[in-house]
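The values are calculated or read from the model by the stated rules, or taken from the named source; none is laboratory data. A quick note: this is a predicted structure, and the numbers were derived from the prediction, not measured. For neighbour counting, all protein chains shown are included, and Cβ atoms are generated from backbone atoms with ideal geometry for every residue, glycine included. Calculation scope for accessible area: heavy atoms of the full protein, side chains included, ligands and nucleic acids excluded. Shrake-Rupley method; radii C 1.70, N 1.55, O 1.52, S 1.80 Å.
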Amino acid sequence: MPLMIYDGDCNFCKFWIIRWQRATEGRVEYAPSQDPRIAEAFPEIPREQFNEAVQFVESDGKIYSGAEAVFRSLTYSRWWAWTFFLYDRVAGVKPVTEGLYKFVARRREFFSSLTRLLWGREGASPEYTRVRWIFLRLLGLIYLAAFVSLGTQVTGLIGSNGILPAEKYMTAAQAQLDREHIGFERYQILPTLCWFSASDKFLEGLCIAGAAISVLLIVNVAPAACLFLTWLIYLSLMCVGEDFLSFQWDALLLETGLLAIFFAPLHIFPSRKKSSPPSRAILWLLRWLLFRLMFESGVVKLINHDANWRNLGALRFHYETQPLPTWIGWYAHQLPGWFQTASVFLMFVIELAVPFLIFAPRRLRFIGCGILILLQVAIFLTGNYCFFNLLTMALCIALLDDAFISRFLPKRWRAGKISASETSPPDGKALQEIVVPAGPSLPPANARRWPGWATGICLAVVLVITVPQVVGMLTQTQIWFPPGAVAEGLLSPFRSINTYGLFAVMTTERREIVIEGSSDGQTWLPYEFKYKPGDPARRPRFVAPLQPRLDWQMWFAALGNYDDNRWFSNCCLRLLQGSRDVTGLFKHNPFPVTPPRYIRALVYDYHFTTPQERRATGNWWTRKLIGEYMPEISLREKQTH
C-alpha cells in the first residue's frame, strides 16, 4: 500500500493526517517519521527532510515530498482525487501550492495554534451520525405537523365541496393532456398520486398516510423509505393544492425532504453500530440549501429596490402588516424607532454575511449556526410562519458535528462509536496533544450506504441548477448554462430545487377583508376567521407550526381585488351553498341552520393599538372601514352570470 510519512511530534501535521486518513478510507497507510522502522526502511531520505515536509511513498517505491505528496495521496480518495489534476495540469497551481506549503511548514507552531482556534481538537475527525439522527427526527416532526395541519383543512380547501376542488383540477388536466396526446409523460408533467383519485377520501387518506409515515420516521424505522414516501405524498398534494400549497416553506420542505432521502441510512432498523456514516456530499448540499435560503432572502430585499428595506425602516411596519402576527409581535411593534432601524441593519448582516460562515472552519461555522437559530427564534416569537422556522433550524443542525452535540448529552448517552480524537480533553484544554488513530474510522462491514455515483449525481444536478440561479440573482441577469437549463426544465415539475426570498417588498398597510352574510339583505353577520385579525379585541395567537391556509390566503387577497383571486369567489359561493367543509375553516358559522342568501366582503385598514389605546379599550387592533371589497352577491346572481 502507499505510505504517507509525517512528523509525529507536530500537532498541526497530525490534525490534517487524521483528515486525510478518513478521506482515503484505508487505501493509504500513515506512519510517523519517529517510528524506528521508517528510518530503517528509507535510509535514502535524510532525517531533516522528514522535519521539513511529509513524504509520500507510492506502491512502486517512488517518493514525493511536500504539496505534491499531499495531492498524490488524495488520488486515493473518492472525492478529492480531482485535486491532483489541478496540481499537475493547471498552469500556476504547482508553484503556488508548493510555495504555500513551504510557507506553512516553516510556521507550523503558529498554524497549529490557529488550527486549534478555528477547528478545535475535535475537528480533526468530525463525525455526523448524531447530527443525522437529530436532523431526521426533526424532519419527521415537521412532516407530521405539515400533514396533520393540512389534513384538518384539506376537504375545505381542495375537496369536492371545497374552494378549489382537486377533482375538477385533475379532470381539466387530463382533458388537456388527452387533447395533446400526452400519455405516460403526464406523470412527469404533473407528478401526483391524484392521477389515481382526487376524491375527498383519497385526499384525506394521503394526509393520514403522510402523518403515519412521519411517525415511523420519528421512531427511526426505514428512514430512507419513509422519507421517499413523505416526499412523494407531499409533492402529490402540492401539485393539486394550487394557491393553498404554493408557499415557499412548502417548496423548502420538498427540497429538504428530497436531499434527506440520500442522507438517511438504508437499514430498516438503523443503529449507530451498523449504519454507515452519512454522505458528506449530501451534508454539504444541505448546508448549501441553508446558504441559499438565507442569502437569497437578503439579496432579494435589495434588488427589488424597496425603499423601506434600503432606508432600514421596514420593521416599523413589518410586525403589524405581516400575515399572522403573534401577541409578542404587538410588543415588538412598540419598540422605539432606533431599535427597529438597528434590527433591520442586523438582519441584513445575518442574511447577507453570516451565511458565508457556513463554509468557514468548524468553530466559526458553529457561531454562524447559533446566530441563524437566534434569528429564527425571533421570527417565530413575533409571527406565525407555519413550520418554516423549525425547518430552517433543522437545516442549521447540519452545521454541527457529533463532538459538539456530545457535550450536551448525558454521559450514559455518549457511548458508541466515537473516535479518540472526537472526545473532549479531560482537562477541557484544546492544547492537549492530538492522537492519530491506528486506522481510519470505516463503516461496519454490513453497513448499507448510498453508492457514490448516486450522491455524486445528486450533487452535480443541484449545483448545475442552483449556482447559476444564485449568480443570476446577484447580477440580475439570466445566466444561460445549458446543462443547468436542461436539468431545471426536466425537474421543475417536482418542485424540489428552488429559489427563495421572503418579503422582497415590505407591505406598509394592513388591509383586512371581512366576509359578511345576510338572510334579508339588511342584517349582516361576519364570518370570523380562526387566526387572522378580525375582532379588534381578540388577542393575536400562536398557531405555528400548523398553518391555517385560508387565513394566509386572505392576507394575499387583500393586496389585490377579488377578480384576481378566483379562489375567493369560489369561497363565497361555497358559503352561499352552505358547504360544511368550507364553513369548518372558519372560527364559527353565523348561519348554522340555513345558508345566507347574500354574501359581501368589506375591507378595513387595521393597525396595532398604542399602549395607551390598549389600556383604555382593551383592544389589540384599531380598524377603519375603507369600503367594499366584493359587492353583494347571491346564488341567483352567481348562476345568472
Practice task
Would you be able to say whether some residue in region 70-86 is crowded, with 18+ Cβ neighbours inside 10 Å and either more than 30 Å from S276 (Cβ to Cβ) or modelled with pLDDT under 90 (or both)?
Solution key: no
Completion exercise
Within region 240-276, residues being crowded, with 22+ Cβ neighbours inside 10 Å, touching a Ser or Thr at 6+ places or on another chain (Cβ under 9 Å) and of a type in the set (D, E, K, R) number 1
Practice task
Can you give me the number of residues within region 585-633 that are outside any loop (DSSP other than H, G, I, E, B) and not charged (D, E, K, R)?
Solution key: 23
Handout entry: Residue satisfying all of: in region 343-355; without any contact (Cβ under 8 Å) to a residue 24 or more places away in the chain and part of a helix (DSSP H, G or I); surrounded by the fewest Cβ atoms within 10 Å (Cβ to Cβ) among these
Key = V349
Practice task
Report yes if some residue within region 211-220 is more than 22 Å from L490 (Cβ to Cβ), open to solvent by 20 Å² or more (accessible area, probe 1.4 Å) and in contact with a Pro (Cβ under 9 Å, 6 or more places away or on another chain); otherwise report no.
Solution key: yes
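Let's see how each residue does on (1) assigned to a loop (DSSP other than H, G, I, E, B); (2) at pLDDT below 95; (3) not acidic (D, E):
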residue	(1), (2), (3)
G241	no, no, yes
F244	no, no, yes
E255	no, no, no
L258	no, no, yes
H267	yes, yes, yes
K273	yes, yes, yes
S276	yes, yes, yes
L285	no, no, yes
Fill in the blank from the handout: Within region 20-42, of all residues that are assigned to a helix (DSSP H, G or I) and among the charged types (D, E, K, R), the one surrounded by the most Cβ atoms within 10 Å (Cβ to Cβ) is R22
Problem - Criterion violated by F529 - all others in (1) over 30 Å from W288 (Cα atoms); (2) at pLDDT 95 or above; (3) open to solvent by 40 Å² or more (accessible area, probe 1.4 Å) satisfied - result: (3)
Exercise for the section: Please give the number of the condition A224 fails out of (1) touching a His at 6+ places or on another chain (Cβ under 9 Å); (2) closer than 17 Å to A145 by Cα; (3) not hydroxyl-bearing (S, T, Y). Expected result: (2)
Problem - Criterion: of a type in the set (V, I, T), crowded, with 19+ Cβ neighbours inside 10 Å and assigned to a helix (DSSP H, G or I) - qualifying residue of V471, V467, V462 - result: V462
Exercise for the section: Filter region 379-413 down to residues that are more than 30 Å from Y531 (Cα to Cα) and either touching a strand residue (DSSP E or B) at 6+ places or on another chain (Cβ under 9 Å) or surrounded by fewer than 17 Cβ atoms within 10 Å (Cβ to Cβ) (or both), then give me how many there are. Expected result: 7
Completion exercise
From the option list Q334, Q322, Q340, Q376, single residue qualifying as closer than 30 Å to F263 by Cα, surrounded by fewer than 22 Cβ atoms within 10 Å (Cβ to Cβ) and polar (S, T, N, Q) is Q376
Exercise for the section: Quickly run through region 190-212 and pick out the residues that are under 24 Å from L136 (Cα atoms) and free of Cβ contacts under 8 Å to residues at least 24 places away in the same chain. Expected result: G205, A212
Practice task
Just give me the residues in region 583-626 being closer than 16 Å to D563 by Cα and open to solvent by less than 50 Å² (accessible area, probe 1.4 Å), in sequence order.
Solution key: I599, A601, L602, V603
Exercise for the section: For region 361-373, name all the residues that are open to solvent by 20 Å² or more (accessible area, probe 1.4 Å) and in contact (Cβ under 8 Å) with a residue 40 or more places away in the chain. Expected result: P361, R363, L364
Problem - From I17, I5, residue being in a strand (DSSP E or B), in contact with a strand residue (DSSP E or B) (Cβ under 6 Å, 6 or more places away or on another chain) and buried (at least 17 other Cβ atoms within 10 Å of the Cβ) - result: I5
Handout entry: Residue count for region 490-514, restricted to those that are over 25 Å from F295 (Cβ atoms), open to solvent by less than 20 Å² (accessible area, probe 1.4 Å) and touching a helix residue (DSSP H, G or I) at 6+ places or on another chain (Cβ under 7 Å)
Key = 2
Problem - Residue within region 245-266 that is free of Cβ contacts under 8 Å to residues at least 12 places away in the same chain and within 24 Å of the chain's Cα centre (by Cα) present - result: yes
